[in-house]
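Participant: Before I ask anything, let me first share the structure, which is written out below as structure tokens.
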Amino acid sequence: MFRIALFPGDGIGPEVTAEAKATLVAAGVEATFESCEVGGAALDRHGVPLPDRAIELATSCDAVLLGAVGGPKWDGLPYDKRPERALLGLRKVMGVYANLRPAMVYDALADASSLKPEVVRGIDLVIVRELTGGIYFGEPRGVTGDRGVNTEVYTVAEIERIARVAFRIARGRPRKHVTSVDKANVLEVTELWRRVVQRIHDEEFKDVELSHMLVDNCAMQLVRAPKQFDVVVTTNLFGDILSDEAAMLTGSIGMLPSASLGDGRRGLYEPVHGSAPDIAGLGKANPLAAILSAAMLARHSLDRADAADAVEGAVKRVLDAGARTADLGGTVSTHDMGDRVRAMLRRA
């Protein structure tokens, strides 16, 4: 029996997480679910964004399924008290350093993208973002007088481990291709990035094709010819930006799941979308990103590829049947969309 920590969080988080949990159960995953407040909900109840109970669950359960954190209600708080600190704290205590963001365009949703259907139809890529290093964590940092400083820092070890994650993922995909994205023509830290990624490829992953691309060109190519990409590996900052760009190729950020992994099987899974407090409680949120995040949880942390395949297949069939939530131009409610996915699971 697996143990899964359930952190619904804020805004639409509780709504979409409930649908993801129910879908995992419908897919035959036998697990106990242990819940705890994080983010703004934890601030309101416990005075901190990441209470000790959440840390205990995150470090002892087989996986963590997170909804969303944050909202304007807490925007005026000091930086160390913001709901988003819960997410950073979870990443730290769980030791997750590789953020996986798949972006797939379902045939039924090709018309929903802001790009032409012929440009996006068939997109199936994964962005592997380094999650615990780079400019978001480098020292020195801060504002002194009229000068602000942030420092981009990567060690060889940090680059080696994220490169290996990307190559292993690519090795299991049909195209077996990795694009490493950097700014090696300007930034010395990403010149090191390029050298290390190339060495890891040459020493350990010669069966996987590797190419290098500058980040500005990659941003352009994601819009011009996105189907050229298979697995993209890049730094924390570049990955943050490029993964949101890739998300919009699919037609709605409400379709995008994510996984954050470390050296073991335990991972942190969450939809890419935020807490969307403006639609919280209205039944308008798209639960498919959370449901697909749960599928990633089954695949990567529970070794239940069968359950993951079943959920992903059910989502595809529901979309093929024409079901659409508000973000996709439809009227299907959050719970109804979850019910339709589970009904498809029962028919399989």
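What follows is calculated from the coordinates using simple rules that are stated; it is not laboratory data. Remember, it's a predicted structure, so these values are computed and weren't measured experimentally. Virtual Cβ from ideal backbone geometry, glycine too; neighbours counted across all protein chains shown.
Participant: What spacing in nm lies between the two simple spin-label points modelled at ALA348 and VAL153, each 7 Å away from Cα in the Cβ direction?
Facilitator: Those two pseudo-labels are separated by 4.5 nm.
Participant: Spin-label point model (7 Å from Cα, Cβ direction): what's the SER60 to HIS46 distance in nm?
Facilitator: The two pseudo-label positions are separated by 1.3 nm.
Participant: Just to be sure I understand the model, the point goes 7 Å from the Cα along the line to the Cβ. What's the resulting ASN217 to HIS335 distance in nm?
Facilitator: For the pair ASN217/HIS335, the computed spacing is 5.2 nm.
Participant: Right, next: Can you give me the Rg/Rh ratio for the chain, using Cα atoms for both radii and the Kirkwood formula for Rh?
Facilitator: For the chain, the value is 0.96.
Participant: What number, in percent, do you get for the relative contact order of segment 1-84 if the mean sequence gap of Cα pairs under 8 Å and at least 6 apart is divided by its residue count?
Facilitator: 43 percent
Participant: On to the next question. Extension gain GLU84-ARG171, at 0.36 nm per residue separation less the Cα-Cα distance, in nm?
Facilitator: Between GLU84 and ARG171, full extension yields 27.9 nm more.
Participant: Can you give the charge dipole size of the chain about its Cα centre, rounded to the nearest 20 debye, using +1 on the beta carbon of Lys and Arg and -1 on the beta carbon of Asp and Glu?
Facilitator: Value, rounded to 20: 520 debye.
Participant: Summing Lys, Arg as +1 and Asp, Glu as -1, what charge do residues with Cβ under 14 Å from the Cβ of PRO174 carry, PRO174 excluded?
Facilitator: Cβ neighbours under 14 Å give a net charge of +1.
Participant: Stick to Cα atoms and the Kirkwood definition of Rh, then tell me Rg/Rh for segment 196-320.
Facilitator: 1.00
Participant: With r defined as the distance between the Cβ atoms of LEU282 and LEU187 and R0 fixed at 56 Å, what FRET efficiency is calculated, to the nearest 0.05?
Facilitator: 0.80
Participant: Using a Gaussian network for the chain with springs between C-alpha atoms less than 10 Å apart, which of these wobbles most: VAL332, VAL231, VAL16?
Facilitator: Greatest mean-square fluctuation among the candidates belongs to VAL332.
Participant: Evaluate E = 1/(1 + (r/R0)^6) for ILE241 and ASP320, where r is the Cβ-Cβ distance and R0 equals 22 Å; express this FRET efficiency to the nearest 0.05.
Facilitator: Here the calculated transfer efficiency is 0.10.
Participant: Now for a different question. If you build a Gaussian network model of the chain, linking Cα atoms that sit under 10 Å apart, which residue out of LEU222, LEU288, LEU249 swings the most?
Facilitator: LEU222
Participant: Beyond 23 Å, what share of the Cα-Cα pairs of segment 124-249 remains, rounded to the nearest whole percent?
Facilitator: 30 percent
Participant: Mind checking the full-extension length gain between ARG265 and ASP146? Use 0.36 nm per residue of separation minus the Cα-Cα distance, one decimal, nm.
Facilitator: Once the chain is fully extended between ARG265 and ASP146, it gains 38.3 nm.
Participant: Sticking with this structure for a sec: Extension gain LEU77-LYS227, at 0.36 nm per residue separation less the Cα-Cα distance, in nm?
Facilitator: 49.8 nm
Participant: Looking at this model, which pairs from LYS21/LYS316; LYS183/LYS316; LYS21/LYS92; LYS284/LYS316; LYS183/LYS227; LYS21/LYS116 are more than 27 angstrom apart at the alpha-carbon?
Facilitator: Pairs exceeding the cut-off: LYS183/LYS316; LYS21/LYS116.
Participant: Within 11 Å, Cβ to Cβ, of ASP107, how many net charges do the neighbouring residues add up to if Lys/Arg are +1 and Asp/Glu are -1?
Facilitator: After counting each charged neighbour, the total is 0.
Participant: Let me ask something else. For every helix of n ≥ 4 consecutive DSSP H residues, a contribution of -39,500 (n - 2.57) applies; sum these over the chain, divide by its total residues, and give [θ] at 222 nm rounded to the nearest 500 deg cm²/dmol.
Facilitator: Rounded to the nearest 500, the figure is -13000 deg cm²/dmol.
Participant: If the elastic network links every pair of Cα atoms under 10 Å, which of HIS46, HIS335, HIS212 fluctuates the most in the Gaussian network model of the chain?
Facilitator: Its mean-square fluctuation being the largest, the pick is HIS46.
Participant: A further question on this structure: Using Cα pairs under 8 angstrom and six or more residues apart, how large is the relative contact order of the chain, in percent?
Facilitator: Taking the mean separation of contacting Cα pairs over the length of the chain, I get 23 percent.
Participant: Just want to confirm a number: the relative contact order over segment 124-249, from Cα pairs under 8 angstrom separated by 6+ residues, in percent.
Facilitator: Relative contact order comes out at 37 percent.
Participant: For the chain, build the charge dipole from Cβ charges (+1 Lys, Arg; -1 Asp, Glu) around the Cα centre, then report which of ALA58, ALA98, ALA307 sits farthest towards its positive end.
Facilitator: ALA307
Participant: For segment 1-152, rounded, prolate or oblate, judged on the Cα gyration tensor with a ≥ b ≥ c (square roots of eigenvalues), a/c < 1.5 rounded, else prolate if a/b > b/c?
Facilitator: Oblate, because a/c is 1.5 or more while a/b does not exceed b/c.
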